[in-house]
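The values are calculated or read from the model by the stated rules, or taken from the named source; none is laboratory data. None of these values were measured; they are calculated from a predicted model. In this analysis, Cβ positions are derived from the backbone assuming ideal geometry, glycine residues included, and neighbour counts consider all displayed protein chains.
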Amino acid sequence: MNAGGYGWLVLLSPLVGVAFNVGVGPSVSRRAVGWAASLSVLAGFVFSVLALIDLLGRSDSQRAIISTGWHWLSGGSFQVDASILVDPLSAVMLLVITGVGFLIHAYSTGYMHGDREEKRFFAYLNLFVFSMLLLVLAGNFVFLLAGWGLVGLSSYLLIGFWWQRPTAVAAAKKAFVMNAIGDIGMALGIFVIWDHVHSVDYATVFTHAPSQIGAGSHTANWIALLLLVAAVAKSAQLPLHTWLPDAMEGPTPVSALIHAATMVTAGVYLVARMWPLYGLAPDVSDLVALIGVATLTVAGLIALVQTDIKRVIAYSTMSQIGYMFCGVGIGAYSAGMFHLVTHAFFKALLFLGAGVVIHALHDEQDIRKMGGMARYLPYTAGLMWIGALALAGVPPFSGFFSKDQILADALARGDWVGYTVWGLGLAGAFVTALYTFRLMLLVFHGEPSDYARRHGDAHAGHGEGPFSMLWTIGVLAVGALFAGVLEIPGATHGMRNFLEPTVPAHLDPTGNQEFGTSALAVALALVGLYAAHALWGRRSDAPRRIAASTAPLEHVLQDKFGFDRLYDWAFYRPAVALARGGQRLWEDAAVLGSMNAVGSAGSWTSRLLSAAQSGLVRVYALAIAIGIAVLAAWLITGAS
Amino acid sequence: MGIVIFYLAGAAAIGSAIAVIVQRNPFLAALSLILHLGSLAALYLVLQGDFVAVAQLLVYAGAVMVMFLFVIAYLGDRADLDLRRGGIGAGAAAVAGLAIFIETVVAVSDSNSVLTSPAQVADSFGSPQTIGRLFLTDHLLAFEAISLILLVGAIAGVVLGAGDLLPKRPEGAPDEREPRGERYDLRRELQRREHEAESEVGA
Amino acid sequence: MSPGIGSWITLSSALFCIGLAGVMLRRNPLVILLSLEIMLNAGNLLLVAGSRYVGGNDGHVLALTVMAVAAAEVVVGLGLIVALARRGAPLDVDELRSLRG
């Protein structure tokens, strides 16, 4: 069986889980359903590994395998096959999706235990994994779009999982609508591609793109821009980012899987996959990097003032994906993908660790009510520190290697885009360290709040949480620690070499550039750690004093730079007004009015006609006489 | 001669007809109608419809009008109750009637009538023999239909007039009534009578 | 010398219209019946006149049929009036309108 075959097996594994859930699920226990779902994803992981092994056994040029299942759509010249593409890029994504996905499924069996609708949760989760795999494995644009839309659907279903909560439902709708904007962008992009290349197949499009779509032409720019809209919406970058913080209404495993490790990284994957097209539109590529830079800065700043533990991590995700966008925007595709992989580990670790804390504190998420949790949850605290250090980019944790790779490549690129990315990326590293350590210090260290003390003491002796939650974050911590091994500058180039055939590396930073960048980045991270300790470590007055003196700035940050308000006024209110106006004008007046008019016309006519049935014989006779007179006149005058 | 009678009888017919519709008292109206029927009989005679004329007098004026007078007599005061001419649609009624008359006149005067003079007819035209023969040969269906209609009319008269006095049906659903008697069987009836006769002889 | 069919038609139609006016204008059912008789007789007159001018006795036969039917109809009408009177209903067609729709 070659990689293509394994690819199909990977794709189908979560569906088996869904089938089990729907078919047999109602009659088995919740635990059984949870385990079946997890095992189906584990099977997917196994097949992904087998596919990887197969790929590694081939020479570099042989590593793009397109496996066609059957002829799917056929309409005149529009032919679409059901084909999947297994190559190094998709193999990397497969491993991340199924690997981290399996761990999160196993975690969920503990986290969602006791929830009455646990089985539905696992069905949705499996559906999501399938959708994401479809997106990644797609061999043509139609499958890509299908996976794209299904992922958005799964996200909606999972964010709104606790549908009794109005905030959750609103957040789900917000996420879906913004993702739909992205779907439109992608669809339009595919239309333009079809218009010029007359194929939706990856292989055909990529080989013919340079000839059919000139480099730097309007068409190339439009295609890249439209696909970028989709990427921006899915990855929650500026300006379509407002849905991600609200998406934290969903259960924590959902936040970890969808809004950290996989779905939001789909935008990065898209740009990397479409690198031939982005290579033809360098201006739009620069735009990708600039969006990434803007997002990482804005998100980092907002994260400094958040008080909900999950929202801090959400903004952090937004910021880190900004880094990834920078990477793929400047042409450092393998660097961006590398950061995607390491980020999946440590961000999922952070989210799931936060889930342990939330679980221990009975669903309390406000960090102002926490503190000193390290004494109650030492294992979790330790693992979260691993994640935090990886996030801040401290060696030897994985985040250090991946983030600095991007920054070094930016420096190597050299033009104003590269320098902007380098400069703001380093500044962002400082901010990242600042908010990350703020979070850790406020949650785990210092004096516990009364609330934390009460719950912590109640839990003492119980263990920190269900075992399934604990071993899974342990595995993630290992990944967060050691994944950096894949791409140590100057030593190993595993990631870059592996991805070379599908996403060639254009940039090659010198040793000096790499060393200098890394040194600066680490220095900034340590400064950030110290600053965080100074501000929040000892529970001093400092944060409040600083906040008071920079009140306007804080206000802006608290308002999340006004994006929500802007969108509310620009889009939501007009739409609601339009709907209300439409209801009053069209539905009430025209539709209901016309129906009522038909009814009342009928009764009015009948009332009018029933006047003829007066019951008076003489009137009847008169009517007959008049009729005769008229008829006779008509006949006499010879009218025909 | 015919014309003179035509005009005289015609005038009488019109006058008595107007009298019928104008009179308040129904008794006088009925009498006017009798006069009207008589004028018509004269007109029929002008038209050589002897049998019809006589039938008119005997049947219409003699029987039907007498029935009318009987009923008027029976009703007495009630017939005179609250009579007012006019009411709903009087004006329109007059207009309609006038319109029809005028239209007919217009129609008649416009056409060049082919029937300006009467057809040649045999002496037996309009005689009872001719009409009787027609009834029993060409128009036999009409004859039979008439007899049926008259039967129905008679029954209707009895039921409408004296319906209260007819024996009533028993109340209730058909099943609740007394069971119908046995079917009439001649042999059983004769045997029953023999038994009665024997018992009589014995007694 | 005879008047010509036109005169007969005129006369007949005049009588018909008089009877029609009576039916439409009077409220006493008895008088309405009488007016109805006038209308019927006008028709009879035209029938007999027509048969005289066209030839053939069919008009007479039809006139006799009409007469018989009119007689039966008068029986029914008078019976109705008698029944109404016995129930005490007002003998005014404007009041008798329970069949209004």
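Considering (1) hydrophobic (A, V, I, L, M, F, W, C); (2) at pLDDT below 90; (3) in contact with a helix residue (DSSP H, G or I) (Cβ under 7 Å, 6 or more places away or on another chain), the lone condition that A:ALA215 does not fulfil carries the number (3).
Look through A:TYR323, A:TYR315 and report the one residue that is out of contact with any strand residue (DSSP E or B) (no Cβ under 9 Å at 6 or more places or on another chain), in a helix (DSSP H, G or I) and under 14 Å from A:HIS259 (Cα atoms). Can you show your working first?
Details: A:TYR323 fails: under 14 Å from A:HIS259 (Cα atoms).
Among A:TYR323, A:TYR315, only A:TYR315 is out of contact with any strand residue (DSSP E or B) (no Cβ under 9 Å at 6 or more places or on another chain), in a helix (DSSP H, G or I) and under 14 Å from A:HIS259 (Cα atoms).
Residue selection: C:LEU78 satisfies the criterion of being of a type in the set (A, V, I, L, M) and either touching a Lys or Arg at 6+ places or on another chain (Cβ under 9 Å) or within 7 Å of another protein chain (Cβ to nearest Cβ) (or both). From the list A:THR219, A:THR207, A:THR295, the one residue that fits, being of a type outside the set (Gly, Ala, Ser), assigned to a helix (DSSP H, G or I) and under 24 Å from A:ALA480 (Cβ atoms), is A:THR295. Would you mind telling me which numbered condition in (1) in contact with a Phe, Trp or Tyr (Cβ under 8 Å, 6 or more places away or on another chain); (2) surrounded by fewer than 23 Cβ atoms within 10 Å (Cβ to Cβ); (3) not aliphatic (A, V, I, L, M) A:GLY139 fails? The failed condition is (2).
In the stretch B:57-79, what residues are within 9 Å of chain C (Cβ to nearest Cβ) and of a type outside the set (A, V, I, L, M, F, W, C)?
Within the stretch B:57-79, B:TYR60, B:TYR74, B:ARG78 meet the criteria.
Among all positions in the stretch C:46-53, there is no residue which is buried (at least 23 other Cβ atoms within 10 Å of the Cβ), facing chain B (nearest Cβ under 7 Å), charged (D, E, K, R) and under 27 Å from B:VAL71 (Cα atoms). For the stretch B:20-29, does any single residue satisfy the condition of being in contact (Cβ under 8 Å) with a residue 12 or more places away in the chain and among the small types (Gly, Ala, Ser)? No; the residues of the stretch B:20-29 include none that is in contact (Cβ under 8 Å) with a residue 12 or more places away in the chain and among the small types (Gly, Ala, Ser).
Of all positions in the stretch A:58-79, none carries a residue that is touching a strand residue (DSSP E or B) at 6+ places or on another chain (Cβ under 7 Å) and farther than 30 Å from A:HIS196 by Cα.
One residue is enough: does the stretch A:201-209 have a residue meeting the conditions among the polar types (S, T, N, Q) and surrounded by 15 or more Cβ atoms within 10 Å (Cβ to Cβ)?
Within the stretch A:201-209, none of the residues are among the polar types (S, T, N, Q) and surrounded by 15 or more Cβ atoms within 10 Å (Cβ to Cβ).
Checked against (1) among the hydroxyl-bearing types (Ser, Thr, Tyr); (2) closer than 21 Å to A:ALA335 by Cα; (3) surrounded by fewer than 21 Cβ atoms within 10 Å (Cβ to Cβ), A:THR432 passes all but condition (3). Considering only residues in the stretch C:59-69 that are surrounded by fewer than 22 Cβ atoms within 10 Å (Cβ to Cβ) and more than 7 Å from chain B (Cβ to nearest Cβ), the one that is nearest to C:MET24 (Cα to Cα) turns out to be C:VAL66. Entry remark, the stretch C:52-72: residues being closer than 16 Å to B:ALA142 by Cβ and free of Cβ contacts under 8 Å to residues at least 12 places away in the same chain number 10 in total.
For the stretch A:542-640, which helices (runs of 4 or more DSSP H) that fit wholly inside it have 2 or more residues that are of a type in the set (A, V, I, L, M) and surrounded by 10 or more Cβ atoms within 10 Å (Cβ to Cβ)?
Values: elements: A:542-549, A:551-558, A:563-567, A:573-582, A:593-610, A:617-636.
Per the criteria, A:542-549, A:551-558, A:573-582, A:593-610, A:617-636.
To keep it simple, each residue is scored yes or no on (1) surrounded by 16 or more Cβ atoms within 10 Å (Cβ to Cβ); (2) of a type in the set (Phe, Trp, Tyr); (3) in a helix (DSSP H, G or I).
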{"position": "A:PHE122", "(1), (2), (3)": "yes, yes, yes"}
{"position": "A:PHE128", "(1), (2), (3)": "yes, yes, yes"}
{"position": "A:LEU133", "(1), (2), (3)": "yes, no, yes"}
{"position": "A:LEU144", "(1), (2), (3)": "yes, no, yes"}
{"position": "A:TRP148", "(1), (2), (3)": "yes, yes, yes"}
{"position": "A:SER155", "(1), (2), (3)": "yes, no, yes"}
{"position": "A:GLN164", "(1), (2), (3)": "no, no, no"}
{"position": "A:ALA172", "(1), (2), (3)": "yes, no, yes"}
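Entry remark, the stretch A:507-534: residues being surrounded by 18 or more Cβ atoms within 10 Å (Cβ to Cβ) and either among the polar types (S, T, N, Q) or closer than 25 Å to A:PRO448 by Cα (or both) number 6 in total.
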